[in-house]
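Below is one structure; the comments refer to it alone.
The values are calculated or read from the model by the stated rules, or taken from the named source; none is laboratory data. Every value quoted in this text rests on a predicted model; they were computed, and no experiment measured them. Heads up, the Cβs are rebuilt from the backbone with ideal geometry, glycines too, and the neighbour counts pull from every protein chain shown. Heavy atoms of the whole protein, side chains included, go into the accessibility calculation; ligands, DNA and RNA do not. Shrake-Rupley method; radii C 1.70, N 1.55, O 1.52, S 1.80 Å.
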Amino acid sequence: MAITSETLDQLQGEPGWLRERRESALATFERLPAPSRTDEEWRRTDVSRLDPSRFSKLEHLDGHELVLPEALPEGVILEPLRVAAEKHRDLVEPRLFSLVHADRDRFTALHAALFTGGTFLYVPDGVVVDKPIIGQHFSHEAGTSVLPHTLIVAGKGSKFDYLDEYIAENDGEDGYRSGSTEIFLDEGAQVGYVAVQKWGRNVWHFSDQRAELLKDSSLHLFNVTLGGKFSKTRVEASLAGPGADAELKAIYFASGEQFFDFHTLQDHRVGNTRSDLLFKGALSDAARTVYAGLIRIEKHAARSDAYQANRNLVLSDHAKATSVPMLEIDNNDVRCTHGATVGPVDPEHLFYLRSRGIPEPTAKRMLIQGFFGDVLDRIPFEHARRLVEAELESRIG
Amino acid sequence: MADFEIKDLRASVEGRQILKGVSLDINKGEVHAVMGPNGSGKSTLSHTLMGHPGYSVDGGSVMFKGQNILDLEPDERARLGMFLALQYPVVVPGISMANFLRTALNSHRGYDGKDKSKAVSPKEFRGLLKDKLKVLHMDDSFLSRYINDGFSGGEKKRAEILQMAVLKPEIAILDETDSGLDIDSIKFVAEAVNRMRGPNLGVLIITHYTRILEFIQPDFVHVLVDGKFVLSGGSEVAERLEKTGYSEWGHAEETTPQEVA
């Protein structure tokens, strides 16, 4: 069944402005060509076998679960995104898809047209939420689209942690999945955001995360990618005010024939800003990953610090990791480093552990855990750290 | 028959033969020193005995507890009771010393993650380490650090001996444990090794210099030159080397370390 405006009829009970947005995004989807492998971004990323219309049945709608701290402070709004579109139009309408643009590509457009729920979180100026807020997004059926969208607005000086968990009921299901996030950090806001993607192993997954950081705000963003036969994630931080600080970290573990693609952007639009990116992944079997990251320092962004590193641990001769760091610097008064490594478990490390009596499989497991160790320590809050450690342990086996 | 019997061991690295027939009997309770100039095959001997994948065995046998250990994997050799203190202990980020030591100890006890009764308890583990840390002049903070990460040369070597003390091998090979060590570290290491000496431990000290032998008295000294033993005897061999160096075998190298300014 083709994706048409009738597909949108599955999304009842929404305000007119949102329906118009969706119609417009759908038109964009129809207008945009499929990505070509002559585009640098899609050169190693093959979507030619994806036909989204196979997945025109939308699932999930508002079926996410929010795990709330016992009581949210006064003024905090936490609602299903579609509900918030009606009740808090003034807050939602100007921001929704203003960071993640619907016309970025066909898949972003499709997500903007069909997003099936998600969360709206608004934390007013000066408000601190002690315990993490957790959004869990479940898929229940094969052959459907599940497309949650998270919109987070952090008021001046607010402070909180948020976790998005994307969970498949059946690990073998196929389908179309996304999980996109927009985060607005007003002056001095401090936000921890963790996304754990563990959709089924046969789905197509597209994610666009973009944050805008105003003066003196800080973001600790952490991605964990485990699911999907195909998973493409964009992580972008726009450093728009002096003193803004973005820490962008990720771990991924690809096995079987999984393909993961990560594109990142550290966009230093003004001076005195800092970004620190570390993406670490392990690959086994015949898995493939692509990492491409851009540090962009704009002309007036003097005295900025930007760091970028991508490390890949390749556990099989048939697995392949590609890493492409890029710099675009229009100002000389900056500190900037980037680096990429792709390689197997160090045989000297393995020998050292084995020479102490540790059997090879245990030694390898320890070395993989050790590889992720320093980045796991950077997960911004305890609940997410425990969750990720457990997930990783089950993957490492 | 000796407890640990090396017979006509030949080994090569990257196709080049280094050990050209080494035979040595080690009994528990004995301390043997193997001395030799650079390039004589000392490291090849230690690494081949422990089964490092970069060294290939071309012939000979090493019998220990009724098995030719050359047929075993490195971890099997360790669990059988062998230990190698490396000349250059590697830094392994992300794994704490405590985790490393506990996993190694559990492996020796046959704990594979299932039968919890075999695993070392936290209390026993702490008790086990306490005295050993003290003898080596190491404090608890070592345990929470990543393996050898940020350790000084002396700390790395002491950490090797700590592992030896915890794992209680029957045959321990100390590969150039004295190289790069300050005199205090040598003394701490020697004291720890001397405490472990006894009827249940055979030691093979591999060294270029005689210095460590002042602190750990060997029962036997063997001189390795160009992949073969050229001289074996008691501690008088070390004294002879102290005076003449390796020159009588065509090597003009010092046997006492250069003072580092």
Among helices (runs of 4 or more DSSP H) completely within region A:15-118, the ones holding 3 or more residues that are acidic (Asp, Glu) and over 23 Å from the mean Cα position of the chain (by Cα) are A:16-31
Listed residues A:Ala309, A:Ala286; which is more than 11 Å from chain B (Cβ to nearest Cβ), at pLDDT 95 or above and open to solvent by 30 Å² or more (accessible area, probe 1.4 Å)?
A:Ala286
Quick one: count up the residues across region A:114-143 that are buried (at least 23 other Cβ atoms within 10 Å of the Cβ), farther than 14 Å from A:Arg82 by Cα and modelled with pLDDT of 95 or more.
1
What number goes with the only condition from (1) closer than 27 Å to B:Gly60 by Cα; (2) open to solvent by less than 10 Å² (accessible area, probe 1.4 Å); (3) within 14 Å of another protein chain (Cβ to nearest Cβ) that B:Thr207 does not pass?
(3)
Just wondering, is there one or more residues in region A:144-151 that are under 25 Å from A:Arg378 (Cα atoms), crowded, with 23+ Cβ neighbours inside 10 Å and among the hydrophobic types (A, V, I, L, M, F, W, C)?
yes
Could you go through region A:185-195 and let me know if any residue there is of a type outside the set (D, E, K, R), assigned to a strand (DSSP E or B) and out of contact with any Phe, Trp or Tyr (no Cβ under 9 Å at 6 or more places or on another chain).
yes
Hey, any hits in region B:199-209 for a residue that's out of contact with any strand residue (DSSP E or B) (no Cβ under 8 Å at 6 or more places or on another chain) and farther than 30 Å from B:Trp249 by Cβ?
yes
Return the residue satisfying two criteria in turn: it lies in region A:333-350 and is more than 14 Å from chain B (Cβ to nearest Cβ) and over 16 Å from A:Ala282 (Cβ atoms), and of such residues it is surrounded by the most Cβ atoms within 10 Å (Cβ to Cβ).
A:Val334
Among the numbered conditions (1) surrounded by fewer than 16 Cβ atoms within 10 Å (Cβ to Cβ); (2) in contact (Cβ under 8 Å) with a residue 12 or more places away in the chain; (3) farther than 18 Å from B:Asp25 by Cβ, tell me where B:Lys243 comes up short.
(2)
I'm trying to understand the selection: among the residues of region B:67-88, which are at pLDDT 95 or above and of a type outside the set (A, V, I, L, M)?
B:Gln67, B:Asn68, B:Asp71, B:Glu73, B:Pro74, B:Asp75, B:Glu76, B:Arg77, B:Arg79, B:Gly81, B:Phe83
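Out of curiosity, is A:Ala384 more than 13 Å from chain B (Cβ to nearest Cβ) and crowded, with 17+ Cβ neighbours inside 10 Å? Before you say what the answer is, go through the steps one by one.
On the way: more than 13 Å from chain B (Cβ to nearest Cβ): yes; crowded, with 17+ Cβ neighbours inside 10 Å: yes.
Spelling it out, A:Ala384 is indeed more than 13 Å from chain B (Cβ to nearest Cβ) and crowded, with 17+ Cβ neighbours inside 10 Å.
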Residues in region B:42-69 that are polar (S, T, N, Q) and within 11 Å of chain A (Cβ to nearest Cβ): how many?
1
Kindly indicate whether A:Leu185 is buried (at least 24 other Cβ atoms within 10 Å of the Cβ), touching a Leu at 6+ places or on another chain (Cβ under 7 Å) and among the aliphatic types (A, V, I, L, M).
yes
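Filter region A:352-361 down to the residues that are outside any loop (DSSP other than H, G, I, E, B) and open to solvent by less than 10 Å² (accessible area, probe 1.4 Å), then identify the one that is nearest to the other protein chains (Cβ to nearest Cβ). Give the derivation first.
Start the filter on region A:352-361 by keeping residues that are outside any loop (DSSP other than H, G, I, E, B), which leaves A:352-354, A:360-361.
From the residues that got through so far, the ones that are open to solvent by less than 10 Å² (accessible area, probe 1.4 Å) too are A:352-353.
Numbers: A:Tyr352: 5, A:Leu353: 7 Å.
Result: A:Tyr352.
For residues that are within 12 Å of another protein chain (Cβ to nearest Cβ) and part of a helix (DSSP H, G or I), tally how many sit in region B:147-167. Break it down stepwise before answering.
Just the residues of region B:147-167 that are within 12 Å of another protein chain (Cβ to nearest Cβ), to begin with: B:147-149, B:156, B:159-160, B:162-164, B:166-167.
Applying the additional criterion that residues be part of a helix (DSSP H, G or I) yields B:156, B:159-160, B:162-164, B:166-167.
Residues that pass the stated criteria total 8.
Kindly indicate whether A:Lys364 is within 12 Å of chain B (Cβ to nearest Cβ) and under 20 Å from the mean Cα position of the chain (by Cα). Full working, then the answer.
On the way: within 12 Å of chain B (Cβ to nearest Cβ): yes; under 20 Å from the mean Cα position of the chain (by Cα): no.
Judged against the criteria, A:Lys364 is not a match.
Considering only residues that are assigned to a loop (DSSP other than H, G, I, E, B) and under 20 Å from A:Ala84 (Cα atoms), look in region A:1-14 and name the one that is least open to solvent (accessible area, probe 1.4 Å). Steps first, answer last, please.
Taking region A:1-14 and keeping what is assigned to a loop (DSSP other than H, G, I, E, B), we get A:1-4, A:9-14.
Still in the running and under 20 Å from A:Ala84 (Cα atoms): A:9-14.
Working: A:Asp9: 69, A:Gln10: 66, A:Leu11: 9, A:Gln12: 119, A:Gly13: 69, A:Glu14: 33 Å².
Taking the candidates together, the pick is A:Leu11.
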